[in-house]
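Step one of this worksheet: look at the structure below.
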Amino acid sequence: MQTLTTEEKEIIIRSIRDIPDFPKPGIIFKDITTLLSNPKAFNTLMTHLENRYTPYNLDYIAGIDARGFIFGSILADRLGIGFVPVRKKGKLPYTTVAEKYSLEYGFDEVEIHIDAFGEEKGAKVLLIDDLIATGGTAKAAASLIDKVGAKCVEVCFILELGFLKGRMGINAPVYSVLEIG
C-alpha cells in the first residue's frame, strides 16, 4: 500500500490552516482552502492518492458534497474513471436513492442517482471526502453505494479526527491520509 513519507506528510499538514473557535467556541476548524491554494501541497496529496488507488482498478470515484467533489473529481480524472456526486437531499435532478443519518440534533439525508454506477452491478467505487469527524455522512454515503448495486471498496479521507471514532460502523475499509488525535 502506498503511504506518505514524513516529508510529504509535513508538506500537507503545514498547508492546512487551523481556525480557532469556528464554527463555535472550543472547536478548531481545519481549513483546507489553504491546501487547495498551495500547488506543492495539493500536488503532493493528489499524486499520493493517484499512486495509492491505481492498483485498485476502480470503476468510479464517489465524492461527498461538497469538498469531496474537489478531491474526487480530480482523482477520477487522474485515474481515467467516472466521478459520481453524493449530494444533500433535493440537489439531484433525476431519480435518486436516499439515506438518512443522525446529526447532533435531528437528521439529514444524502442521495445519489439510482443509475449512478451504470447498468452493470458490482462496480468498484472509492468514496472520498475531506474530513471525517463523527462519520454519519460517510456511513450513509457508503451504504448508498452498496444500495444501488455497486461495491464501496474503500472510504478515503484527507483528515480524520480519530478521537471522535467516526470510522466505526462504516461498512467498508477506511483510509485516512492524515489523522489528528
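The values are calculated or read from the model by the stated rules, or taken from the named source; none is laboratory data. Since this is a predicted model, take the numbers as computed values, not measurements. Methodologically, a virtual Cβ is constructed for each residue, glycine included, from the backbone with ideal geometry; neighbour enumeration extends over all protein chains shown.
Residues checked against (1) closer than 25 Å to V110 by Cβ; (2) out of contact with any Ser or Thr (no Cβ under 7 Å at 6 or more places or on another chain); (3) aliphatic (A, V, I, L, M); (4) modelled with pLDDT under 95:
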{"position": "I28", "(1), (2), (3), (4)": "no, yes, yes, yes"}
{"position": "T47", "(1), (2), (3), (4)": "no, yes, no, no"}
{"position": "Y53", "(1), (2), (3), (4)": "yes, yes, no, no"}
{"position": "D65", "(1), (2), (3), (4)": "yes, yes, no, no"}
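Based on this model, can you work out whether E10 counts as surrounded by fewer than 18 Cβ atoms within 10 Å (Cβ to Cβ), more than 13 Å from I128 (Cα to Cα), among the acidic types (D, E) and at pLDDT below 95? First the steps, then the outcome.
On the way: surrounded by fewer than 18 Cβ atoms within 10 Å (Cβ to Cβ): yes; more than 13 Å from I128 (Cα to Cα): yes; among the acidic types (D, E): yes; at pLDDT below 95: no.
Taking the combined requirement at face value, the residue does not satisfy it.
So, in the range 61-74, exactly how many residues are crowded, with 24+ Cβ neighbours inside 10 Å and over 16 Å from L144 (Cβ atoms)?
Adding up the residues that qualify gives 1.
Looking only at the range 77-106, filter to residues that are within 23 Å of G135 (Cβ to Cβ), surrounded by 11 or more Cβ atoms within 10 Å (Cβ to Cβ) and of a type in the set (G, A, S); which one of those is modelled with the lowest pLDDT?
S102
Any chance the range 112-119 includes a residue that's of a type in the set (F, W, Y) and closer than 28 Å to G181 by Cα?
Pass one, the range 112-119, residues of a type in the set (F, W, Y): 117.
Among the residues that remain, those that are also closer than 28 Å to G181 by Cα are: none.
No; the residues of the range 112-119 include none that is of a type in the set (F, W, Y) and closer than 28 Å to G181 by Cα.
Looking for something assigned to a loop (DSSP other than H, G, I, E, B) and either among the basic types (K, R) or exposed (fewer than 14 other Cβ atoms within 10 Å of the Cβ) (or both) - is there at least one such residue anywhere in the range 124-139?
To start, the set of residues in the range 124-139 that are assigned to a loop (DSSP other than H, G, I, E, B) comprises 133-135.
Subsequent filtering for residues that are either among the basic types (K, R) or exposed (fewer than 14 other Cβ atoms within 10 Å of the Cβ) (or both) retains none.
Checked the range 124-139: no residue is assigned to a loop (DSSP other than H, G, I, E, B) and either among the basic types (K, R) or exposed (fewer than 14 other Cβ atoms within 10 Å of the Cβ) (or both).
Restricting attention to the range 58-74, which residues are of a type outside the set (D, E) and closer than 10 Å to L126 by Cα?
Across the range 58-74, the qualifying residues are L58, Y60, I61, A62, G63, G72.
Restricting to the range 160-177, and then to whatever is in a loop (DSSP other than H, G, I, E, B) and small (G, A, S), can you tell me which residue is modelled with the lowest pLDDT?
G169
Looking at (1) β-branched (V, I, T); (2) under 23 Å from L79 (Cβ atoms); (3) modelled with pLDDT under 95, find the lone condition where I180 falls short.
(2)
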